[in-house]
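To keep things clear, I will list the structure first and then write my remarks on it.
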Amino acid sequence: MEQLLVPMICRIDKMIQETPDVRTYRLKFKEEGLMEKFRWMPGQFVEFSLLGSGECTFCISSSSTRKGYFDCSIKKAGLVTADIHRLLDEGDYVGIRGPFGNWFPLDEIKGKNLLFVGGGIGLAPLRALIQYCIDNRNDYKDFTILYGARTSADLCYKDEIKEWQENPLLKVILTIDKPEEAWPTNVGVVPKILEEVVKPVIENTKVITCGPPIMIKYTIQSLKKLGFADPDIITTLEMRMQCGLGKCGRCNIGSTYVCKDGPVFTNEQLRGLPDEF
Amino acid sequence: MDYTNQIREIATRLFTEDKIDVFVGYRMTGFDDNQVPALIRDPKEVSQLVFTDKSVFNLTNYLKNEHTRNKRVGLVVKGCDSRSLNLLLTESQVKRDKLYVIGIACEGVIDEAGNKMQNCMECVVPDAVVYDEMVGTPKGKQGYQVNADIHELASKELVERRAYFEEIFENCIRCNACRHSCPMCYCAKCCIDQETSTLYNGANTKSSAFHALMTWSLHLAGRCVDCRNCEKACPSHLPLHLLHKWNERVIFENFQEHLAGVQEGDRGAFYKYSMQDPNDFIM
Amino acid sequence: MNVETFVTDKAGLVKFYEAIIANNETYAPVEKFGKFDFKRVLTLAECDPDSPITKTMSAKPLFFPRSAKILKYSADASGTDVKETDEDPLTGKRVILGMKHCDARGLQVLDKVYNWDYIDSDYQKRRQNSVIISSRCDKAETHCFCTSLDYDVENLDAMDVLIVHGLDGKIFIKARTEKGETFLKANPIDPASGIQHSASEEGMKKQYDAFAASFRLKMDYKNVNGKLSKIFDTPEFENVSASCIGCNTCAFICPTCHCFKISDEKIKDTGIRYKSYDSCNNGYFTLMAGGHNPRPVKYRRWRQRAMHKFVYYKERFGENLCVGCGRCAISCPVNISIFEVVNQVATTV
């Protein structure tokens with residue numbers, strides 16, 4: 001076990017300040033040739049360690065179709081993430097273990113309309129899938145992204161969102177919770193905009209959602225109200241994890257290990273679990 | 001010592017007069033002659049309550065419990081327990097008007113083997129010092145005597161003493177049960193907790209145990225009331241009282257015979273400063 | 001497997017133990033502050049292979065150490081380097097004396113979680129290299145209920161060599177596994193020590209019957225499994241957990257609890273990463289950065305503990321994550337018994 005817990009060293013190639021408290025770290029393996037061997041699917045996560053401070057779980061926020069690097073977007077929230085923000089800079093080294101967990105059901109969403117619903121830092125796992133789908137655009141039909149944050153400053157990946165908006169094959173809808181000056185578009189929480197502005201097509205559509213627990217909860221309620229079936233609603237769960245290997249006993253919900261059986265679940269699977277998140 | 005009937009009567013009365021929401025006392029376990037602390041909310045369950053010389057655990061620990069928070073609580077305290085209650089009151093951890101305290105004039109409790117507990121034999125304050133109602137016949141304050149183990153330890157050379165303490169640290173499994181069972185440990189963020197502090201890593205190493213136990217005992221210096229909850233909780237049966245008693249002796253000898261929580265309004269030895277305080281033992 | 005049974009007396013058993021300790025790397029219960037913990041021993045005098053179960057810690061740390069070093073690291077101008085740690089002292093060939101049968105059974109339960117998906121190779125190596133030689137208990141203690149769980153105590157093959165203290169003073173020694181058989185072949189019993197072949201196993205059977213009859217606690221575990229799985233939302237958990245002070249002792253001394261945490265010790269630019277025990281009764285256990293905690297209150301943590309032991313693990317791996325040893329109840333400072341708790345909760349359905 002102890003060997004499985006030893007991380008590989010990565011170098012921070014680039015650091016992007018997304019919002020006041022979110023940074024994206026672009027990572028490359030220090031050892032030659034490892035980057036090419038490192039395979040991951042959208043939705044999987046890694047254990048990111050700042051040696052001396054500890055280990056944290058983050059999803060990989062870029063797609064494996066973008067070669068030569070991978071991204072982790074990290075929000076300053078706890079002890080370790082505070083240290084990450086305080087201590088790490090471009091050129092520094094971090095430890096990475098992974099990738100762990102399951103991934104978005106790529107086969108099942110093929111040939112469907114896709115609706116991405118993200119909130120705040122919850123866009124990070126969706127971004128991996130969005131990039132993957134953009135790079136395989138012909139496999140999918142309509143493509144809608146609804147993304148909300150508390151304020152316009154809290155929107156992540158602003159440059160990339162601009163690219164998405166300019167892409168004629170994507171429909172991007174942004175919203176912020178409270179009105180702001182010079183904000184050109186929607187104001188209101190994500191579930192409200194979902195019902196009132198997006199008005200999605202239900203037939204042949206898969207919804208992929210991620211965000212703060214409270215947003216996920218109300219988004220799922222809205223989706224149900226709109227008529228989506230449970231197997232068509234896909235989300236990724238956040239639980240405290242430590243090993244990623246199904247051993248440390250931290251992330252279980254009932255007899256399900258989120259780190260092995262998840263983090264991606266359909267709403268149908270979620271309803272079968274004890275109500276503990 | 002058996003005050004079962006008195007405790008039940010009082011608890012029934014308190015519930016009938018609607019003076020409390022929850023009563024914290026002891027009940028028998030379902031399978032042996034030991035007792036479990038009982039948090040009774042239903043007046044019908046009052047008949048479960050007991051109080052004998054097996055009523056060992058210091059119940060003031062439950063005042064930091066989510067089941068008693070913001071509730072009117074009836075509480076049974078022995079002499080030592082009442083000392084910790086005294087400190088909790090001055091440290092603003094509980095509100096006196098939310099408490100109905102049943103003080104016990106304690107004759108000493110017994111351990112698993114049936115022997116009187118060592119701290120009871122050396123007890124200075126057998127009668128509860130804070131109470132609304134007293135049960136039993138008060139004996140009055142007893143003289144302070146230095147713990148026999150401490151005497152023995154003090155007679156040893158520094159090297160031997162260190163070796164003895166290191167043996168304790170070596171056998172510590174870092175479960176933090178001592179901290180959790182201590183009525184005086186209520187910090188929301190504890191400096192010996194790996195999750196809230198970057199000082200300690202929670203690993204089961206001698207140095208980690210040394211740091212944790214020493215810091216913990218120093219934080220309790222002048223506040224420890226010698227109830228031995230920590231020792232009861234320790235799965236390795238470590239003589240943790242030695243750490244506290246050592247401090248207690250130093251404080252008693254240097255701080256105008258201070259004993260934690262004996263006086264009402266006591267703030268612990270290190271919370272008051274006087275120009276007359278000796279400082280030769282610091283440097 | 002047809003293996004021979006040996007019979008001897010007290011003096012013969014002492015010689016048997018002495019020979020083992022002299023010829024093998026041996027771990028056995030050593031008393032310190034009135035509690036027995038498993039340590040490396042060099043003579044029989046320093047340990048007690050027949051220590052009372054009420055005072056003996058689990059031997060789990062010999063397989064799953066209380067703290068294991070994962071790595072050492074150093075960071076300087078040229079970058080960060082990770083070094084794997086020195087060789088694990090626990091993976092050598094060794095003999096464990098005095099491990100109670102419930103404790104040994106705990107390892108069989110743990111095998112399931114350590115051998116699914118990612119295989120814990122260190123644990124496996126420790127398991128393979130350990131020969132467990134221990135005697136069956138003579139009588140059940142207050143909190144024991146091993147005979148009412150989902151395993152056959154009499155024919156348990158968790159110990160490699162079983163020793164039985166017969167009622168008439170005869171002591172039986174028998175290999176229970178191939179590993180045990182090989183061990184006895186490699187460490188042949190000296191005929192001069194007074195250990196002989198036994199034609200009959202009658203004495204072993206009698207001892208077991210007397211032992212099984214001494215149990216006061218009996219649990220219908222199927223009933224508990226079934227009922228607990230239906231009552232996730234019962235308020236009863238709040239009642240039974242009220243007197244818990246959340247001290248975590250139960251998890252740290254449990255032979256089957258296996259949750260751990262990973263923590264770093266930092267010394268300037270170098271450091272060590274440890275894997276150490278943790279407990280689901282700890283309020284921070286599931287606290288996420290940002291403040292969300294799925295189990296913020298005690299009864300939810302208690303529910304997780306009880307359900308993990310009697311429902312979740314059973315669903316996932318087919319075994320109860322409890323071996324009925326009673327260690328948690330013995331060590332609990334407020335005398336809570338998991339036996340009492342799960343039974344009480346199960347009766348509410």
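Two decimals, Cα atoms only, Kirkwood Rh: what is Rg/Rh over chain A? Numbers along the way, then the final one.
Values: Rg = 18.2 Å, Rh = 19.2 Å.
Across chain A, the Cα-based Rg/Rh ratio is 0.95.
Quote the relative contact order of chain C in percent (integer), defining contacts as alpha-carbon pairs under 8 Å separated by 6+ residues.
Working: 594 pairs, mean separation 74.0, N = 349.
Result for chain C is 21 percent.
For the stretch A:173-277, which semi-axes, largest first and in whole Å, follow from the square roots of 5 times the eigenvalues of its Cα gyration tensor?
On the way: eigenvalues 177, 61, 21 Å².
Calculated on Cα positions only, the semi-axes equal 30, 17, 10 Å.
What order do you get for B:His211, B:His67, B:His244 when you list them from fewest to most C-beta neighbours inside 10 Å?
B:His211, B:His67, B:His244
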- [ ] Return the Rg/Rh value of the protein assembly as shown, two decimal places, where both radii are evaluated on C-alpha atoms and Rh is the Kirkwood radius.
- [x] 1.00
Task: Base-10 log of normalised Debye intensity for the stretch A:117-235 (one unit scatterer per alpha-carbon) at q = 0.15 Å⁻¹ - done: -0.64
Open item on the list: What number does the stretch B:1-134 give for Rg over Rh if you use C-alpha atoms and the Kirkwood radius?
Closed with: 0.94
- [ ] In a Gaussian network model over chain C where Cα atoms closer than 10 Å are linked, find which of C:Lys39, C:Lys185, C:Lys206 has the largest mean-square fluctuation.
- [x] C:Lys185
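Tell me, rounded to the nearest percent, the portion of alpha carbon pairs in the stretch C:31-115 spaced more than 18 Å apart. The partial results should precede the final answer.
Values: 2057 of 3570 pairs.
The calculated P(r) of the stretch C:31-115 puts 58 percent of pairs beyond 18 Å.
Within a 10 angstrom radius of each residue's Cβ in B:26-39, how many Cβ atoms of other chains show up on average? Whole number is fine.
On the way: counts 3, 1, 1, 9, 7, 10, 7, 1, 6, 2, 9, 8, 3, 4.
Per-residue shielding by partner chains comes out at 5.
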TODO: Restrict the search to the stretch A:8-93; then list the GluC sites (Glu not before Pro) that DSSP places in a loop and that have at most 16 other Cβ atoms within 10 Å of their Cβ.
DONE: A:Glu31, A:Glu32, A:Glu90
Open item on the list: When 1/r is averaged over all different Cα pairs and the result inverted, which Kirkwood radius in Å belongs to the stretch C:32-180?
Closed with: 17.4
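Full extension from C:Lys185 to C:Phe33: what is 0.36 nm times the residue separation minus their Cα-Cα distance, to one decimal in nm? Intermediate results must be reported in sequence, preceding the final value.
Values: separation 152, 0.36 × 152 = 54.72 nm, distance 3.74 nm.
Additional length available on full extension: 51.0 nm.
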Task: Centre separation in Å (Cα based) which lies between the stretch A:217-265 and the stretch C:1-70 - done: 45
Task: Order of C:Val82, C:Val109, B:Val146 under a 10 Å beta carbon neighbour criterion, fewest first - done: B:Val146, C:Val82, C:Val109
Open item on the list: Explain nothing, just the number: relative contact order of the stretch B:1-104, from Cα pairs under 8 Å at least 6 residues apart, as a whole percent.
Closed with: 28
Open item on the list: How many angstrom lie between the Cα centre of the stretch C:251-277 and the Cα centre of the stretch B:147-210?
Closed with: 17
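When Cβ neighbours within 10 Å are restricted to other protein chains, what is their mean count per residue of peptide B:165-175? Display every interim value, and only then the final one.
Numbers: counts 0, 0, 2, 2, 0, 1, 5, 1, 10, 6, 13.
Partner-chain Cβ atoms within 10 Å, mean over residues of B:165-175: 4.
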Task: Packing-based order for B:125-132, C:258-265, using average beta carbon neighbours within 10 Å, highest first - done: C:258-265, B:125-132
TODO: Post the alpha-carbon centroid distance, the stretch A:110-173 to the stretch C:145-183, in whole angstrom.
DONE: 63
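Any idea what diffusion coefficient chain C gets from Stokes-Einstein, in µm²/s, Kirkwood Rh on alpha carbon pairs, 10 °C, 1.306 mPa s? Provide the component values of the computation, followed by the final result.
On the way: Rh = 21.9 Å.
D, rounded to a whole number, is 72 µm²/s.
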Task: Pairwise Lys count, the stretch A:8-100 - Cα closer than 18 Å, eight or more residues apart or different chains - done: 9
Task: Neighbour-count ranking [beta-carbon atoms within 10 angstrom, fewest first] of C:Trp116, A:Trp40 - done: C:Trp116, A:Trp40
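May I have the convex hull volume per residue, in Å³, for the Cα set of the stretch B:148-271? Kindly include the intermediate steps, with their values, before the conclusion.
Details: hull volume 14.2 nm³, N = 124.
Convex hull of Cα atoms, per residue: 115 Å³.
Rounded to the nearest 0.05, what FRET efficiency is calculated for C:Arg216 and B:Lys116 with R0 set to 35 Å and r the Cβ-Cβ distance? Could the numbers behind the result be given before it?
Working: r = 28 Å, r/R0 = 0.80.
The pair C:Arg216/B:Lys116 has a calculated efficiency of 0.80.
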- [ ] Take peptide C:275-288, look around each residue's Cβ out to 10 angstrom, count Cβ atoms belonging to other protein chains, and average those counts.
- [x] 6
Open item on the list: Would you report the distance distribution of C-alpha pairs in chain B as whole percents per 5 angstrom bin, up to the bin with the largest distance?
Closed with: 1, 5, 12, 16, 18, 17, 14, 9, 5, 2, 1, 0, 0
TODO: Give me the aspartates and glutamates in straight-line cross-link reach of A:Lys178: C-alpha distance below 13 Å, same-chain residues under 8 apart excluded.
DONE: A:Asp154
- [ ] May I ask for the Kirkwood hydrodynamic radius of the stretch A:8-100, worked out over all distinct Cα pairs and given in angstroms to one decimal?
- [x] 13.1
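Read the figures in this text as sums done on the coordinates, not as results from a lab. Bear in mind the structure is a predicted one, so any value in this text is a computation, not a measurement. Note that each Cβ is placed from the backbone with ideal geometry, even for glycine, and that neighbours are counted across all protein chains shown.
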